[in-house]
C-alpha cells in the first residue's frame, strides 16, 4: 500500500486521537528501525519524540520481537486469574529492579489503566475518598484519571469524577513560588499543607504526581521537593503515587525518576518504556503494606487483557535490553550532549526563551519578544507553530510541539551523530520563529 492509499483509508474509516479527523494529516509509516521511521516510499524521519515518549529502546529490536513471537507460539493468551511463567518471571524481575519494598504488581494494558487502578487501590486501602492532583499534569484519558489530569484536555471531559483536589505545582505556568529550588520547595509545601488542612487530612487517600512532569513542560522537581513531599504526606497518612508512565525506565538518566529524589513512593505506575511500546502494557507497583492489605481484602479491579502473556513477554525482553545495552547510562550521557546543543540554540536564536532536560527528557521553550513572554499563552496557539511543525515533517524530523515548546525526547539508544542530525533540522526550523519575533 502506498502512502496516499494508506492515508485515505485511515482517515476515511478510523478516528484519530485528540483530533477532528477531517483535519488530520497523518504521517504514513510502513516500518521503523532504531531511531528512524520510514514511509512506504522510503522517506525517512528521525523519531525525535520516541513516538509518545515511549519507544525507549528504539524501533525493531530483534530480541523483543523474538520474545513476542516465541510467546505467541507457546501461550498467546491466558485469562488474568491464571498463573503463567512469563508473569512469574516479569514480576520477580520488577521486584528486583524497583527499590524499597515495591514488590507486588498489578498488570494492565497501559498507563491510564495503571493510574485508574492506583486510584482504586489508594481509596480501598485508606478508606478515604479524596485525591490530590496537580494542575500541570496528565495522567491518562479514561474517566477517573482524566479527572486527575490538570491540563486543558480535561475541560471537554468535565464534569469530572468527585473527590479531586487540584493544587499548583512547584513550577506553576506564570506564578512563581520563588527564584531558588529551596524557596520553591519550601513555599509550595507550605501552601500544600494548608490545602490539606482545609480539605481535612482524614478525607484524603493519596496525592498523584508525575515524578517529572511530561507533556506539560518537562518539569523536574526542585531540589528537596520529593523528600519534603513524602515526609509531609506521611505526616497525614496520605499515600504518594508516582506516575512514571512517561518518565520511567531510563528516560531521565536513572531507571526510575523518583530515584533522583532518593525516595520510594507508596505506589508507582509504569507503562510506555516498560515494553518500549512494542506491546500494550501498564503496571501498578505497590509497597508491601498495601500488598498485604489486598492479600486479605478483595482488590476490585480487572479486565480481560490484564497480565496478557504476549505483553508480559515484550516487557521482560525490553527491560533486559534496556539494562544489558546500558541505555539508562546512555540517556544520562546523551542528555549532556543534548543540553549542549540546546544552549547553542539559545545563543543563536532570539526566539528561544529557554530549554531544560533531565536525561533524554527535554524541550526548547520559545518566546514572543524580548520581554520573555511565551510565544503561545496557556492553552493557546500561534500560526508559526503549525508552520514549524510542517517544516520538521518535510525535513525529516518527527516530534511533538506543545504550545510554545519543541519536544526533544529521542530513543535512549540515540548517539551523538543522530542528536546532531536532529538539532541541525531544529536549527533551521527556529529561523522561522525568529522571523515573527516581535523585538
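Across the stretch 352-371, the number of residues qualifying as part of a loop (DSSP other than H, G, I, E, B) and closer than 13 Å to residue 213 by Cβ comes to 2.
Within the stretch 320-330, identify whether any single residue is within 22 Å of residue 73 (Cβ to Cβ) and in a helix (DSSP H, G or I), and answer yes or no. Looking through the stretch 320-330, at least one residue is within 22 Å of residue 73 (Cβ to Cβ) and in a helix (DSSP H, G or I). From 217, 250, 237, which residue is over 23 Å from the mean Cα position of the chain (by Cα), in contact (Cβ under 8 Å) with a residue 24 or more places away in the chain and in a loop (DSSP other than H, G, I, E, B)? Only one candidate qualifies: 237. Can you confirm whether residue 136 is in a loop (DSSP other than H, G, I, E, B), outside the structural domain of residue 364 (by TED's automatic domain parsing), within 16 Å of the chain's Cα centre (by Cα) and surrounded by fewer than 23 Cβ atoms within 10 Å (Cβ to Cβ)? Spelling it out, residue 136 is indeed in a loop (DSSP other than H, G, I, E, B), outside the structural domain of residue 364 (by TED's automatic domain parsing), within 16 Å of the chain's Cα centre (by Cα) and surrounded by fewer than 23 Cβ atoms within 10 Å (Cβ to Cβ). Before we move on, is residue 50 loosely packed, with under 15 Cβ neighbours inside 10 Å and closer than 23 Å to residue 214 by Cα? No. Of everything in the stretch 181-199 that is touching a residue at least 12 places away in the same chain (Cβ under 8 Å) and surrounded by fewer than 17 Cβ atoms within 10 Å (Cβ to Cβ), the residue that is farthest from residue 361 (Cα to Cα) is 199. Of all residues in the stretch 250-273, those that are more than 17 Å from residue 213 (Cβ to Cβ), touching a strand residue (DSSP E or B) at 6+ places or on another chain (Cβ under 9 Å) and crowded, with 20+ Cβ neighbours inside 10 Å total 2. The residue list 366, 360 contains one member that is surrounded by 13 or more Cβ atoms within 10 Å (Cβ to Cβ) and more than 26 Å from residue 94 (Cα to Cα), which is 366. Determine, yes or no, whether residue 374 is more than 17 Å from residue 427 (Cβ to Cβ), in contact with a strand residue (DSSP E or B) (Cβ under 8 Å, 6 or more places away or on another chain) and without any contact (Cβ under 8 Å) to a residue 60 or more places away in the chain. Yes; evaluated as a whole, the condition is true for this residue. Among the conditions (1) surrounded by 11 or more Cβ atoms within 10 Å (Cβ to Cβ); (2) in contact (Cβ under 8 Å) with a residue 24 or more places away in the chain; (3) outside any helix (DSSP H, G or I), the only one that residue 19 does not satisfy is (2).
I'd like to know if the stretch 22-32 contains one or more residues that are outside any loop (DSSP other than H, G, I, E, B) and modelled with pLDDT under 95. Within the stretch 22-32, one or more residues are outside any loop (DSSP other than H, G, I, E, B) and modelled with pLDDT under 95.
The values are calculated or read from the model by the stated rules, or taken from the named source; none is laboratory data. Predicted, not measured: the structure shown is a model, and the values here were computed from it. Cβ: placed from backbone, ideal geometry, glycine included. Neighbour counts: every protein chain shown.
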